Amino acid sequence: MFVFSQEQFKTLIDFQSESKLGTLLDLGAGDGQVTSKMAPFFQNVYTTEMSTTMRWRLQQKGFRLVDVNEWDKIRISAEEESFLKFDAISCLNLLDRCDKPLSLLKQMKDALKPNGLLIVALVLPFKPYVEYNPDNRPSEDLLNTWLRDTCIKKEPSSTMNKVNKQISHLIENVFEPIGFELAKFTRLPYLCEGNLAQSYFYLIDYVFVFKNKPF
């Protein structure tokens, strides 16, 4: 999988320091190719992955692997009861593949330090597909999520088939009400593993960088 280069990621997070940032969590890290582009900017890197094969590849590359259900419960030390807070969390091409993306976003907010970075990549138009659900549909539909005050005009998700409408909806009615402030976004080519008929797929990713606003 290819989303961005190391130099592109450096620009995205506006990295200008001579010293590394603290801790990165890469959710759904796959084989670690994209993780390896982000890792040089952090002192510590944690990863999660459901695929057994990909978990093995991550371990072979030396990345610290944590359970998909325990990443927000990493203790700072054996003596302390508090949990680790991350300087950055990356969630690349995962929100459209998980069953409860809204719940995941709220978990990520709680696990980030104040002003920590959330890096999200989405293929748009947004077409969720959950492999392990019988109907392949998520329990939570981000295009039918309205967290902002009801004075904001709600548009039926059936008409939200344009990329610009989906971007506005996701930022204004999902990310911002949860407590994420948009810092930067761009679009990049996304190369992902294909199938027997086609070795890889070429898609367009929209990459967003949010800051975790303190309440």
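The values are calculated or read from the model by the stated rules, or taken from the named source; none is laboratory data. On a predicted model such as this, the values are computed, not experimentally measured, just so you know. Don't worry about glycine lacking a Cβ; one is built from the backbone with ideal geometry, like all the others, and counts go over all protein chains shown. Areas reflect the complete protein model, heavy atoms only, side chains present, ligands, DNA and RNA absent. Shrake-Rupley method; radii C 1.70, N 1.55, O 1.52, S 1.80 Å.
Looking only at residues that are aliphatic (A, V, I, L, M) and in a loop (DSSP other than H, G, I, E, B) in the range 139-171, which one is modelled with the highest pLDDT?
Taking the range 139-171 first, the residues aliphatic (A, V, I, L, M) are 142-143, 147, 152, 160, 163, 167, 170-171.
Remaining after also requiring in a loop (DSSP other than H, G, I, E, B): 147, 152, 160.
Numbers: Leu147: 72, Ile152: 47, Met160: 54.
Filtering first and then ranking leaves Leu147.
Can you pull out the residues in the range 21-31 that are under 16 Å from Ile89 (Cβ atoms) and not in a strand (DSSP E or B)? Don't jump to the end; show me each part of the working.
Applying the first criterion (under 16 Å from Ile89 (Cβ atoms)) to the range 21-31 yields 21-30.
Scanning the range 21-31 gives Gly28, Ala29, Gly30.
Go through the range 32-60 residue by residue and tally those that are open to solvent by 30 Å² or more (accessible area, probe 1.4 Å) and either farther than 22 Å from Cys98 by Cβ or part of a helix (DSSP H, G or I) (or both).
Residues flagged as open to solvent by 30 Å² or more (accessible area, probe 1.4 Å) and either farther than 22 Å from Cys98 by Cβ or part of a helix (DSSP H, G or I) (or both) within the range 32-60 amount to 13.
Out of all the residues in the range 49-67, which are in contact with a strand residue (DSSP E or B) (Cβ under 8 Å, 6 or more places away or on another chain) and either under 10 Å from Gly32 (Cα atoms) or among the hydrophobic types (A, V, I, L, M, F, W, C) (or both)?
Residues satisfying the conditions are Glu49, Arg55, Leu58, Gln59, Phe63, Leu65, Val66.
Do any residues in the range 44-63 that are without any contact (Cβ under 8 Å) to a residue 24 or more places away in the chain have Cβ atoms under 8 Å from those of residues that are assigned to a helix (DSSP H, G or I), where the two are at least six apart or on different chains, and which pairs are they?
Correct list of pairs: Val45/Thr35; Val45/Met38; Val45/Ala39; Thr47/Thr35; Thr47/Leu58; Thr48/Trp71; Glu49/Arg55; Glu49/Leu58.
Can you tell me how many residues within the range 102-142 are open to solvent by less than 60 Å² (accessible area, probe 1.4 Å) and either hydroxyl-bearing (Ser, Thr, Tyr) or in contact with a His (Cβ under 7 Å, 6 or more places away or on another chain) (or both)?
Qualifying residue count, the range 102-142: 1.
Quick one: count up the residues across the range 77-93 that are open to solvent by less than 40 Å² (accessible area, probe 1.4 Å), assigned to a loop (DSSP other than H, G, I, E, B) and among the aliphatic types (A, V, I, L, M).
Residues in the range 77-93 being open to solvent by less than 40 Å² (accessible area, probe 1.4 Å), assigned to a loop (DSSP other than H, G, I, E, B) and among the aliphatic types (A, V, I, L, M): 1 in total.
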